[in-house]
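K.L.:
Here it is: the structure, laid out below.
The values are calculated or read from the model by the stated rules, or taken from the named source; none is laboratory data. Since the model is a prediction, treat every value here as computed from it, not as a measurement. Using ideal geometry, Cβ is built from the backbone for each residue, glycine included, and neighbour counts are taken over all protein chains shown. For the accessible areas, the whole protein counts, side chains as well, though only heavy atoms, and no ligand, DNA or RNA atoms are used. Shrake-Rupley method; radii C 1.70, N 1.55, O 1.52, S 1.80 Å.
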Amino acid sequence: MRLKNTFIYLIFLSTILFSFNANAQGYKIKTIVVDAGHGGGKPGAKGAYSWEKDVALKVALKLGNKLQEELPGIKIIQTRKTDVDVDWYRRAEIANDAKADLFISIHCNSMPPGNAHVRGTETFVGAYRRINEMDAGLKENEEIIKDKNYKKQNDPTDPEEAILLSLYKSLYRSKSLALASYIQKNYTEVNKRVNRGVKEQGLLILQRAAMPSVLTEIGFISNKEEEKYINSDEGQEEIVMAIVNAVKQYKKEVEN
């Protein structure tokens, strides 16, 4: 039985690697999924006068429009266009079903009142592992873990299938890191934002996306100055252009 499983493992890995090599020449990005974090009855973090769900939606819609304008040959899909709660696993399913080439999730960061001075941007890529205590404490996972559907959707019945899926998705790690790095570079060098870096974390929504994927925290809604910035037209335009330029840089790298 163990020999059979090993054989299946090797066949699966060989197939995926062959597919990657075959796509290396002539590969083009065709579909990008933009995900506005939270929504509906799951508003996310709260600032002095705004909610994360509303800021994320405005930025996500502007990002989608700008990507369509700058890259007209690429299909842009939004996981939500209004103030609705889209199940966490459904967001990844939308991207997987569309066979998307990129998944970009927009969120706002926050800190408790005693740390309201903290500011800056950070972009996450998924760490494909079981959720540990540190990951469970991440605010982007908190709402998901409390969800009544979490256990049902996150516990595969076949352990081997779960291992194979993790292996499949981990092949996208380097591409996810490349896109995240470009995003942070543009935030920092062009927008002059505080750079909190690129981080790998066990974010559940990213773990389920079978393509290069990132979750970008566009600023601290708990910081008065940054809340004003991420709610302003000027700030949102800068954030959007930073991500659009990052996608262009990433596109040039992977397509060439």
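K.L.:
Specify which of the listed residues (ALA92, ALA98) is surrounded by 15 or more Cβ atoms within 10 Å (Cβ to Cβ), at negative phi and at pLDDT 95 or above.
P.N.:
ALA98
K.L.:
Residues of the stretch 90-125 being without any contact (Cβ under 8 Å) to a residue 40 or more places away in the chain and under 18 Å from the mean Cα position of the chain (by Cα), which ones?
P.N.:
ARG90, ASP97 - these are the residues of the stretch 90-125 that are without any contact (Cβ under 8 Å) to a residue 40 or more places away in the chain and under 18 Å from the mean Cα position of the chain (by Cα).
K.L.:
While we're looking at this one, here's another question. Are any residues in the stretch 184-231 in a loop (DSSP other than H, G, I, E, B), touching a strand residue (DSSP E or B) at 6+ places or on another chain (Cβ under 8 Å) and of a type in the set (A, V, I, L, M), and if so, which ones?
P.N.:
VAL194, LEU203, ALA209, MET211, ILE221
K.L.:
Test of understanding: among ASN191, ASN256, ASN231, ASN245, which residue is touching an Asp or Glu at 6+ places or on another chain (Cβ under 7 Å), open to solvent by 10 Å² or more (accessible area, probe 1.4 Å) and either closer than 18 Å to ILE76 by Cα or not basic (Lys, Arg) (or both)?
P.N.:
Just a single option satisfies the conditions, and that option is ASN191.
K.L.:
Does the stretch 78-85 include one or more residues that are within 14 Å of the chain's Cα centre (by Cα), of a type outside the set (Lys, Arg) and not in a loop (DSSP other than H, G, I, E, B)?
P.N.:
yes
K.L.:
Are any residues in the stretch 101-127 open to solvent by less than 20 Å² (accessible area, probe 1.4 Å) and in a loop (DSSP other than H, G, I, E, B), and if so, which ones?
P.N.:
The answer is GLY120, ALA127.
K.L.:
I'm trying to understand the selection: among the residues of the stretch 57-89, which are buried (at least 16 other Cβ atoms within 10 Å of the Cβ) and in contact (Cβ under 8 Å) with a residue 60 or more places away in the chain?
P.N.:
Across the stretch 57-89, the qualifying residues are LYS58, VAL59, LYS62, LEU63, LYS66, LEU67, LEU71, TRP88, TYR89.
K.L.:
Can you tell me which residues in the stretch 27-79 are among the polar types (S, T, N, Q) and farther than 16 Å from MET241 by Cα?
P.N.:
Start the filter on the stretch 27-79 by keeping residues that are among the polar types (S, T, N, Q), which leaves 31, 50, 65, 68, 78-79.
Hits for the stretch 27-79 are THR31, SER50, GLN78, THR79.
K.L.:
Within the stretch 28-56, how many residues turn out to be among the charged types (D, E, K, R) and either buried (at least 22 other Cβ atoms within 10 Å of the Cβ) or assigned to a strand (DSSP E or B) (or both)?
P.N.:
Residues in the stretch 28-56 being among the charged types (D, E, K, R) and either buried (at least 22 other Cβ atoms within 10 Å of the Cβ) or assigned to a strand (DSSP E or B) (or both): 5 in total.
K.L.:
Please go through (1) at pLDDT 90 or above; (2) closer than 28 Å to GLY40 by Cα; (3) of a type in the set (A, V, I, L, M); (4) exposed (fewer than 15 other Cβ atoms within 10 Å of the Cβ) for MET134 and return the number of the only condition it doesn't satisfy.
P.N.:
For MET134, the exception is condition (1).
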